[in-house]
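**Q** There's a structure below that I have some questions on.
The values are calculated or read from the model by the stated rules, or taken from the named source; none is laboratory data. Just so it is clear, the model here is predicted, and its values are computed rather than measured. Here the Cβ positions follow ideal geometry from the backbone for every residue, glycine too, while neighbour counts run over all protein chains shown. For the accessible areas, the whole protein counts, side chains as well, though only heavy atoms, and no ligand, DNA or RNA atoms are used. Shrake-Rupley method; radii C 1.70, N 1.55, O 1.52, S 1.80 Å.
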Amino acid sequence: KDTTIQRQEAKKADVTIVMRPETWSQIAQGMLAPYDALFAGKLRVGGDIETAKDITRHLSDPRFPYVSPC
């Protein structure tokens, strides 16, 4: 098979979420609420705020299974 690789400019993200690995671990384990992390300055959000709220709800809802970031 012939494989072709093309370079393309990355699309701009709708939402950017920044946190330390230990903060992610605490959130994933249910030890830290995402909103508490945000207000404590341990989590930063940029971009589309409504989409960020949806992501935060997903992180804090125990009905959703844990998905490793790596």
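**Q** Testing the spin-label approximation: label points 7 Å from Cα along Cα→Cβ at residue 5 and residue 25. State their distance in nm.
**A** 3.3 nm
**Q** Leaving ligands, DNA and RNA out of it, rank 19, 31 by accessible area with a 1.4 Å probe, largest first.
**A** From most exposed to least exposed: 31, 19.
**Q** Further question: Given the protein chains as shown and a 1.4 Å probe, how many square angstrom of residue 5 are accessible, to the nearest 10?
**A** Roughly 150 Å² of residue 5 is accessible to a 1.4 Å probe.
**Q** Let me ask you something else. Counting Lys and Arg as +1 and Asp and Glu as -1, what is the net charge of the other residues whose Cβ lies under 15 Å from the Cβ of residue 23?
**A** On the way: positive: 20, 42, 44; negative: 22, 36.
Taking every Cβ under 15 Å from that of residue 23, the sum is +1.
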